[in-house]
Every structure is written in C-alpha cells, then in structure tokens.
1. Residue check: is GLY181 at pLDDT 95 or above, part of a helix (DSSP H, G or I) and more than 19 Å from ARG200 (Cβ to Cβ)?
2. Would it be correct to say that VAL98 is under 28 Å from GLU212 (Cα atoms), open to solvent by 30 Å² or more (accessible area, probe 1.4 Å) and touching a strand residue (DSSP E or B) at 6+ places or on another chain (Cβ under 8 Å)?
3. Hey, any hits in segment 160-169 for a residue that's part of a helix (DSSP H, G or I), basic (Lys, Arg) and open to solvent by less than 70 Å² (accessible area, probe 1.4 Å)?
4. For segment 113-157, give me the residue count where each residue is open to solvent by less than 60 Å² (accessible area, probe 1.4 Å), on the phi < 0 side of the Ramachandran plot and not hydrophobic (A, V, I, L, M, F, W, C).
5. Evaluate the following for LEU182: is it in contact with a Phe, Trp or Tyr (Cβ under 7 Å, 6 or more places away or on another chain) and surrounded by 12 or more Cβ atoms within 10 Å (Cβ to Cβ)?
6. What residue, of ALA242, ALA197, ALA232, is more than 18 Å from VAL98 (Cβ to Cβ), in a loop (DSSP other than H, G, I, E, B) and modelled with pLDDT of 95 or more?
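The values are calculated or read from the model by the stated rules, or taken from the named source; none is laboratory data. All values derive from a computational prediction rather than experimental measurement. When we count neighbours, we look across all protein chains shown, and the Cβ atoms used for this are built from the backbone with ideal geometry, even at glycine. When the accessible area is computed, the model is the full protein with side chains, heavy atoms only, and any ligands, DNA or RNA have been set aside. Shrake-Rupley method; radii C 1.70, N 1.55, O 1.52, S 1.80 Å.
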Amino acid sequence: MAKVKKGSVGRRGFLKGAAAGAAALVSEPHMAHTHAHQDHVHEHQAVPSDLTLRVKALESLLVEKGIVDRAALDAVVDAYETKIGPRNGARVVARAWVDPAYRKRLIADASSAIAELGYVGGQGEDMVVLENSPKVHNLVVCTLCSCYPWPILGLPPVWYKSAPYRSRAVIDPRGVLREFGLELDDDVQVRVWDSTAEVRYLVLPERPAGSENMNEDALAALVTRDSMVGVAKVTLTPAGGAA
C-alpha cells in the first residue's frame, strides 16, 4: 500500500474542510424543517458519510480546475456498473459449466480463457480460478486492502473491503459463511485465498442440481457475485448478491 507523504497533510486538511462545507450544504435545505421538528430524526436528513463527502469534494475540485471531465467520470462509473461487472464473471462460469474444454482451459490458464470471452483490463491481468466441489469450498479475501478482479466482477462490495471481513475470513471462515447464510457440512474443506496485486481469484461455483437442461444464458442468470467470491452457492432461485 502506498505511504502517505508528509506533503499531503495540507491536502488532507483542505479535503476535511471541504467535506465539512459539503455537509453544511447538504443539511441547509432541511434547516427550517429541523428547527420545527428538533425531537425527531428523519432518514432523508442523514448527511453522507465522511468518505463520501471527501470524494465529492475532491471530484468537484478536480472538475473546477479542469483536470477531470465530469462526463468522463460518469462514463467510467457507468462502464463498471452496466458493462463491467458480475455479469461478465457469470458468463465465464456458465461457459465453463456447459463447455468441458473451456473449463479445462479456465482452470489451467484463467487469464487467457477469460480473455477469450473479451474480458480483459486493469485489476484482472493475472487470474486464477478456484473450482468448488461437494467436498471443497473456496473463499476469497484480500487481507491487506481490497484487491478484486474488476473486469469480471466489477467494483468490490463494501463488505469485501471492510476490516471485519478481511480479518475474520481467515480466522473464522465458517463463521463468516454462516453470517452470509451459507452453512457447510463438517466434512467440507474450506480453503481461503488471499488476493494480492499480483494475482486475483475467481471462484467457479458448483452447478446447481436441476439445471441440466438450462442453456448458457439461463445458467449465467443464476450466477451471483457472492457465489464467485465464495460467500454463497448458486441455486435455481438466487437471492441477494445478484449479478
């Protein structure tokens, strides 16, 4: 992780001040309402988190200085939300389920096999695919920060970046899985894989029973982001963590 240079203190101070100013702007439209109902707390009055305010302040400053084009930023966000994301990984998984030859290539050289489907880019150059089985369940974490395969899973979810997940996934993986609603039998081996800047992981979940007659598109629709991280299994009626 990059070290913070001493010269950055001034910039951090500026961002802190900008964040405070942004908080004031956010709360201003509700001032009259707040004074009239001081004893009540309303959800629509909630001020964004400190991190959100800092990001907004920094974005506004960069746009104001002409360093960044807001339209370009929107295009990047849209790309990761609608074009780059879990649906790409779901396509990889579904192809591996229906095409044994592709599955072998995926296990042997994940980066090349994933590139066959057109999914390439930063944060996904060096990929390793981990195949789940009835007796082995793989779980992915990044204990240092939040290394994540963006081209096939999109932006990492908040829980993946949280300190509790990053620490407890290694110490108590079964406990973490239970909190996600996944209870594994005692005879199932849980393997935890720590992502780094050099290598990123994708879990190849088990194909759900009863999906034998489903085509590739229908199978891809079942695959969730969480199943490709390893905190869930794929079912015929997926719920939560949808791709």
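1. In short, no.
2. Spelling it out, it is not the case that VAL98 is under 28 Å from GLU212 (Cα atoms), open to solvent by 30 Å² or more (accessible area, probe 1.4 Å) and touching a strand residue (DSSP E or B) at 6+ places or on another chain (Cβ under 8 Å).
3. Yes, some residue in segment 160-169 is part of a helix (DSSP H, G or I), basic (Lys, Arg) and open to solvent by less than 70 Å² (accessible area, probe 1.4 Å).
4. We begin by selecting, within segment 113-157, every residue open to solvent by less than 60 Å² (accessible area, probe 1.4 Å); these are 113-115, 117-119, 121-122, 124, 127-130, 132-133, 136-143, 145-149, 151-154, 156-157.
Okay, now just the ones that are also on the phi < 0 side of the Ramachandran plot, so 113-115, 117, 119, 122, 124, 127-130, 132-133, 136-143, 145-149, 151-153, 156-157.
From what's left, not hydrophobic (A, V, I, L, M, F, W, C): 119, 122, 124, 132-133, 137-138, 143, 146, 148-149, 151, 156-157.
Result for segment 113-157: 14.
5. Against the criterion (in contact with a Phe, Trp or Tyr (Cβ under 7 Å, 6 or more places away or on another chain) and surrounded by 12 or more Cβ atoms within 10 Å (Cβ to Cβ)), LEU182 does not qualify.
6. Working: ALA242 fails: modelled with pLDDT of 95 or more; ALA197 fails: modelled with pLDDT of 95 or more.
After ruling out the rest, the residue left standing is ALA232.
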